[in-house]
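**Student:** Submitted below is the structure of interest, expressed as structure tokens.
The values are calculated or read from the model by the stated rules, or taken from the named source; none is laboratory data. Quick caveat, the model's predicted, so the values are computed rather than measured. For neighbour counting, all protein chains shown are included, and Cβ atoms are generated from backbone atoms with ideal geometry for every residue, glycine included.
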Amino acid sequence: MKLERMIGILSILLQQEKVTAPYLAEKFEVSRRTINRDIEALCMAGIPLVTEPGKNGGVSIMEGYKIDRTLLSASDMQAILAGLRSLDSVSGTNRYLQLMEKLSVGASNLLSGDTHILIDLTAWQKDSLPPKIELLHGAILSAHKVSFTYFAPKGNSVRSIEPYNLLFYWSSWYVWGWCGKREDYRLFKLSRMVDIQITEPFEKRIAPLPDLSSERVFPPVYKVTARIDPDHKWRLVEEYGPDSFTVQPDGMLLFSAGFTDRMSIVGWIVSFGEGAELLEPAEFRQDIRTFAEKIREKYL
């Protein structure tokens, strides 16, 4: 907090000729004595600050000291602002935007300038997700384990992990940590975690970053070939890109891609209804037929 405040003070002094200690105290919501200590610390760090007493006095950077007062360009500040706004979209607060305001005092035009890049990192669980992120972030910073119930395709289980990173990937939020049950690092999707509790402290390991490459997370085990109705071209482009299919003489789309598991193939094909036919692997055609018959039996 002290370092953040000192950076903020320096940023203000770079953008304004002179400010008063009471102004800085009010801006950063601390006492004048704290501001005076921060100014002393900045001087000790090699920044030549001048304090002038009296009615027109204040704090300023020594005249003639060569320092780039721009510090960040307008495009730099706008890019930072876009990122901070995106964090506010999941924190449920305006604290990151308030930080930006502190760092850009005297240059308010940068805050009201380019707002054409809007990043919203929220998910369908807009109410439940921010508390999870805040709780897990706090556990990471304080090095405390967390326990939770996790719901996965293979069933639900109770896990206890040492959390190390929060990640936004594949349009979802995840926590990366050492899982006591698996005795290895694992990635857990926040939307599948319930009853999250902070437990005992732990000694941090030198944790590797997760390998999030599609080859590692979704290794292509089966090569799928399918005929897709052209009405679904938009979906193929969105999910797999325009190079994932070729247009046939009859207008149908010949699709080809790698899939990780058998059930994913069946579920993906039937999601098109009558608009898709699986060609390869041929042995999975019976799985689709069985799936369709079970659905039919439910509605007899």
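**Student:** In the same structural domain as Val175 (by TED's automatic domain parsing) and not aliphatic (A, V, I, L, M), is that true of Lys204? Before you say what the answer is, go through the steps one by one.
**Tutor:** Numbers: in the same structural domain as Val175 (by TED's automatic domain parsing): yes; not aliphatic (A, V, I, L, M): yes.
Against the criterion (in the same structural domain as Val175 (by TED's automatic domain parsing) and not aliphatic (A, V, I, L, M)), Lys204 qualifies.
**Student:** Which ones in the range 193-214 are of a type outside the set (S, T, N, Q) and either free of Cβ contacts under 8 Å to residues at least 40 places away in the same chain or in contact with a Ser or Thr (Cβ under 9 Å, 6 or more places away or on another chain) (or both)?
**Tutor:** Met193, Val194, Asp195, Ile196, Ile198, Pro201, Ile206, Pro208, Asp211
**Student:** Can you tell me how many residues in the range 157-175 are of a type outside the set (Gly, Ala, Ser), modelled with pLDDT of 95 or more and either surrounded by fewer than 18 Cβ atoms within 10 Å (Cβ to Cβ) or out of contact with any helix residue (DSSP H, G or I) (no Cβ under 6 Å at 6 or more places or on another chain) (or both)?
**Tutor:** Of the residues in the range 157-175, 5 are of a type outside the set (Gly, Ala, Ser), modelled with pLDDT of 95 or more and either surrounded by fewer than 18 Cβ atoms within 10 Å (Cβ to Cβ) or out of contact with any helix residue (DSSP H, G or I) (no Cβ under 6 Å at 6 or more places or on another chain) (or both).
**Student:** Would you check if Ala257 is part of a strand (DSSP E or B), modelled with pLDDT under 95 and in contact with a strand residue (DSSP E or B) (Cβ under 8 Å, 6 or more places away or on another chain)?
**Tutor:** Yes.
**Student:** Also, I was wondering about something else. In the range 191-231, which residue that is among the acidic types (Asp, Glu) and touching a Gly at 6+ places or on another chain (Cβ under 8 Å) is surrounded by the fewest Cβ atoms within 10 Å (Cβ to Cβ)?
**Tutor:** Going through the qualifying residues, I end up with Asp231.
**Student:** Filter the range 232-256 for residues that are surrounded by 12 or more Cβ atoms within 10 Å (Cβ to Cβ) and β-branched (Val, Ile, Thr) and give the result.
**Tutor:** Passing the criteria: only Val237.
**Student:** Let me ask another. Name the residue that is surrounded by the fewest Cβ atoms within 10 Å (Cβ to Cβ), counting only residues in the range 272-285 that are more than 16 Å from Tyr222 (Cα to Cα) and at pLDDT below 95.
**Tutor:** The extreme case among them is Glu274.
**Student:** For the subset of the range 150-187 comprising residues that are under 20 Å from the mean Cα position of the chain (by Cα) and either of a type in the set (Lys, Arg) or in a loop (DSSP other than H, G, I, E, B) (or both), which member is nearest to Met263 (Cα to Cα)?
**Tutor:** The selected residue is Trp170.
**Student:** Moving to a separate point now. If Ser147 satisfies all but one of (1) in contact with a strand residue (DSSP E or B) (Cβ under 6 Å, 6 or more places away or on another chain); (2) hydroxyl-bearing (Ser, Thr, Tyr); (3) not in a strand (DSSP E or B), what's the number of the condition it fails?
**Tutor:** Result: Ser147 fails condition (3) only.
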